[in-house]
């Protein structure tokens, strides 16, 4: 097998997509003994952290496909998957797509009441759930049938599995969901080709540094994990899938498994940045690979200070201390990060810079009327790319509300500079118009506070318009445990903000992380914070509150 030729052949195969990468590789019959996926839990007698070969992975998937087929699962059946372990999410996804069914992967941390309503709206034919999740669903009034506990599916006879389903490019192949920060998560429908489009692009390029051994510190029910699994398989690379994305678990896994690259979301980088990384063995890491929301400079700088990387110089390839951080911006609906920028200890372009668009992405910045804006003008990000989802399952109203002139309206506010770099300033639902041509962008405020206030590990800014026509802003700080928890940081925080924003700040409060409501993927639920503030739960009653301005 010539790896270079195989990557080119896979890139050129129009039949290939996220529904059949595994079965296509098995049909090729090469590299059956090469390691593929590793899970942090036991799988059908294989211990945790055992690397499944391609043949072993194919057998484990076929056994589950056989069991599901015997339970009556048919092609095009939507099946909800609500489980704890990454192995159960990934193997259920692979088995259901082998049958041509449509797995609807649900983050295990979604509240049971939301999960029950979400599954009801899916009109799923059944649910794959482990005991804790099934008990929670039952208590929440779920009426959808339990198909199986994932632990039982591995007992199926792989030889009895039906032939792999033949997927077509625009067919729905997997459903993932949005973060649910503004309410019930939305069911995002991906096609066979949409989630593979960025992988196909990468297969046409030279194989990237750090791609041979990847640690997936991503929520296992997310579209990003589906992409990571198929990226690893198509590149004959190893991927370890974590069931938990907490900072300590990720660091422990890096030390024991020695990945070259780590894939994660901004919430995980925040937790890692709060650890003393100098005490950890992170030398194997060359690349931190971010997706979803763009990451904060304060967190990136701590990560790129550790690990090591290869650089090309006039003297050839040299090994240097410090790692790469690949940032961008994506979402379930976008199907893949649409931008990229690479940070090293030597780079200086930050300020929520998300980089430049990938070659496959047509990017526009538009106003409220859908008209394209020019350089330096903040507007809504609009994307037209082959990675885009088909829309929202059983929700054509929301699907068409977010599409305009061939573009998907992301809900993100961005601008482009004269060099063609894009910058993310906020979500449209969180920004506030202050009048006189001034806007308050909460995420940009958080970026500035984190960059300028060394003792602050995480920051949440919430702006609430009042009935009197004022805007009241609260700055919520989570501090380094080693810092003085009682020091007044008001002046430092206000100095980091633009004057028109600082004038709206009513309180700077040091809070415990458990006071900040988070979605299943770790995003702050600002709409819920705004509601709490409007209902009178201002956090300013705490002794650490600093009243700033009337």
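Quick note: the coordinates plus some simple rules give every number you see, no bench work behind them. The structure presented is a predicted model; accordingly, all values stated were derived computationally and were not measured. Neighbour counts run over all protein chains shown; Cβ positions are idealised from the backbone, glycine included.
Between residue 310 and residue 467, the simple label model (points 7 Å from Cα in the Cβ direction) yields a spacing of 6.5 nm. Computed extension length for residue 11-residue 377: 128.0 nm, one decimal, from 0.36 nm per residue of separation with the Cα-Cα distance subtracted.
Taking label positions 7 Å along the Cα-Cβ direction at both residue 400 and residue 344, the computed distance is 5.1 nm, reported to one decimal. Residues of region 48-79 with amide nitrogen under 19 Å from the 7 Å Cα-to-Cβ point of residue 152? Of the residues in region 48-79, 61-74, 79 have backbone N under 19 Å from the label point off residue 152.
From its DSSP helices (H runs of at least four residues, each -39,500 (n - 2.57)), the chain gives a residue-normalised ellipticity at 222 nm of -8000 deg cm²/dmol. On the beta carbon distance between residue 53 and residue 428, with R0 = 60 Å, the FRET formula returns roughly 0.80. The relative contact order of region 296-371 comes to 24 percent, based on Cα pairs under 8 Å that sit 6 or more residues apart. Angle of helix 112-122 to the longest C-alpha principal axis of the chain, folded into 0 to 90 degrees and rounded to 10: 60°. The fewest-to-most ranking of 220, 474, 396 by surrounding Cβ atoms within 10 Å reads 396, 474, 220. Applying 0.36 nm per residue to the separation of residue 28 and residue 184 and subtracting their alpha-carbon distance, the gain on full extension is 52.0 nm. DSSP bridge analysis restricted to the chain gives an antiparallel fraction near 60%, rounded to the nearest 5.
Counting every C-alpha pair in region 345-493, the share spaced more than 18 angstrom apart comes to 67%.
A convex hull fitted around the alpha carbon atoms of the chain yields 158 Å³ per residue. Mind jotting down the distance between the C-alpha centroids of region 313-385 and region 165-188, whole Å? So the two Cα centres are separated by 24 Å. Full extension of the chain between residue 320 and residue 168 gives 50.2 nm of extra length, using 0.36 nm per residue less the Cα-Cα distance. For residue 140 and residue 44, a Förster radius of 41 Å and the Cβ-Cβ distance give a FRET efficiency of 0.85, rounded to the nearest 0.05.
Looking at region 432-547 alone, DSSP beta bridges between its own residues are antiparallel in about 75 percent of cases. Shown is the FRET efficiency for residue 515 and residue 485, computed with R0 = 22 Å from the Cβ-Cβ distance and rounded to the nearest 0.05: 0.95.
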